[in-house]
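Please read the structure below before turning to the comments.
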Amino acid sequence: MSALTEVASGYRAGGTLPLRVELARQLKRRRTMVMGGILAALPFVLLAAFAIGGEPGGRNDRITLMDTATASGANFAAVNLFVSAGFLLVIPVALFCGDTVASEASWSSLRYLLAAPVPRARLLWSKLVVGLSLSLAAMILLPVVALAVGTAAYGWGPLELPTGGSLGPGTAAQRLVIVVAYVFVSQLVTAGLAFWLSTRTDAPLGAVGGAVGLTIVGNVLDAVTALGDWRHFLPAHWQFAWADAVQPTPEWSGMIQGTAVSVTYALVLFALAFRGFLRKDVVS
């Protein structure tokens, strides 16, 4: 066997950069702790806002989900998701998926990881799985803390619906799980953008900011009604389709279409990230 084809005894490409090692590295980083603290603090901020400003009430005889925030812990958790799904939850996804590869390049440690040797596909896979896992954990953390805070403040009870009627506590908990799952899926496009940009630049802020910026552009385009049915191809058009799950009889069509659009864009972006990085000349 020639020197070029010799492999060190016991070396397995699949055993390099284990997920638990990468997860431990990312959990110890300050930005992970800060992001977790911000998300955990949001329910307390809203609780203080309602305590100072009084209970929300319907305007122009029209009751919205926000107006039911203090009805129960379940309502408070749903409102926290409603106010954060459009922008706040975009930030941890962009951060965890956009900072992951670019930060290694900015520290000049990426080439040393590849020289370990960690195969490029393995490195990307580990970082993508951990980035998505932390993103999902962030989306779970917010409603869990909100449910605990809301229950302590407003009591454990049914989810009061703006359209009338209510969902029992058990059913409400199941629906909130569906909402969190859908919000995560709808943010896969942001994750794909951030991860792809992270493989293209050595500046973590550029990857994170670029993903957030492009997500905002998508929201702006969705507001342009002149685009008509073209908006249906924008992930932003379906980001609040989860509201159909918080109904006496859930409607699935919007969430199915939103899932299809988000997953399609995400798979293309993840594929571009892997394809580009496997051919990239890594010098940092």
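The values are calculated or read from the model by the stated rules, or taken from the named source; none is laboratory data. Predicted model only: the values in this text are computed from it and were never measured. For neighbour counting, all protein chains shown are included, and Cβ atoms are generated from backbone atoms with ideal geometry for every residue, glycine included. Quick note on the areas: whole protein, heavy atoms, side chains included, nothing else; ligands and nucleic acids left out. Shrake-Rupley method; radii C 1.70, N 1.55, O 1.52, S 1.80 Å.
Taking the condition of being touching a Ser or Thr at 6+ places or on another chain (Cβ under 9 Å), part of a helix (DSSP H, G or I) and open to solvent by less than 50 Å² (accessible area, probe 1.4 Å), how many residues in the stretch 116-134 meet it? Don't jump to the end; show me each part of the working.
Step one: filter the stretch 116-134 for residues touching a Ser or Thr at 6+ places or on another chain (Cβ under 9 Å), giving 116-119, 122-124, 126-128, 130-131, 134.
Remaining after also requiring part of a helix (DSSP H, G or I): 122-124, 126-128, 130-131, 134.
Subsequent filtering for residues that are open to solvent by less than 50 Å² (accessible area, probe 1.4 Å) retains 123-124, 126-128, 130-131, 134.
Here the count works out to 8.
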Checklist line | Selection within the stretch 230-284 - of a type in the set (Phe, Trp, Tyr), open to solvent by 30 Å² or more (accessible area, probe 1.4 Å) and in contact with a Lys or Arg (Cβ under 7 Å, 6 or more places away or on another chain) | finding: none
Notebook entry, point to check: Which one of these does THR163 not meet: (1) in a helix (DSSP H, G or I); (2) among the hydroxyl-bearing types (Ser, Thr, Tyr); (3) within 21 Å of ALA245 (Cα to Cα)?
Noted result: (1)
Check: Looking at ALA243, ALA236, ALA223, which one is of a type outside the set (Phe, Trp, Tyr), free of Cβ contacts under 8 Å to residues at least 12 places away in the same chain and more than 26 Å from LEU123 (Cα to Cα)?
Finding: ALA223
Notebook entry, point to check: Does at least one position in the stretch 144-157 carry a residue that is at pLDDT below 90 and open to solvent by less than 20 Å² (accessible area, probe 1.4 Å)?
Noted result: yes
Margin query: Quick check on my filter: what residues within the stretch 166-186 are among the polar types (S, T, N, Q) and either part of a helix (DSSP H, G or I) or at pLDDT 95 or above (or both)?
Written below: THR171, GLN174, SER186
Notebook entry, point to check: If GLY254 satisfies every condition in (1) closer than 25 Å to ALA69 by Cβ; (2) touching a residue at least 60 places away in the same chain (Cβ under 8 Å); (3) small (Gly, Ala, Ser) but one, which is the exception?
Noted result: (2)
Notebook entry, point to check: How do the pairs read when you match residues in the stretch 130-150 that are touching a residue at least 12 places away in the same chain (Cβ under 8 Å) with residues anywhere that are open to solvent by less than 20 Å² (accessible area, probe 1.4 Å) and of a type in the set (Ser, Thr, Tyr), using Cβ under 6 Å and keeping only pairs 6 or more apart or on different chains?
Noted result: GLY131/THR100
Margin query: Please verify whether MET35 is closer than 27 Å to ALA137 by Cβ, modelled with pLDDT of 90 or more and either part of a helix (DSSP H, G or I) or among the aliphatic types (A, V, I, L, M) (or both), treating the condition exactly as stated.
Written below: yes
Item checked: Contacts under 9 angstrom Cβ, first residue in the stretch 192-214 being over 15 Å from LEU269 (Cβ atoms), partner open to solvent by less than 30 Å² (accessible area, probe 1.4 Å) and part of a loop (DSSP other than H, G, I, E, B), 6 or more apart -> ASP202/SER284
Check: Is it the case that VAL21 is modelled with pLDDT of 90 or more, in a helix (DSSP H, G or I) and either within 27 Å of SER103 (Cα to Cα) or in contact with a helix residue (DSSP H, G or I) (Cβ under 6 Å, 6 or more places away or on another chain) (or both)?
Finding: no
Notebook entry, point to check: Limited to the stretch 71-95, what total is found for residues that are open to solvent by 10 Å² or more (accessible area, probe 1.4 Å) and part of a helix (DSSP H, G or I)?
Noted result: 4
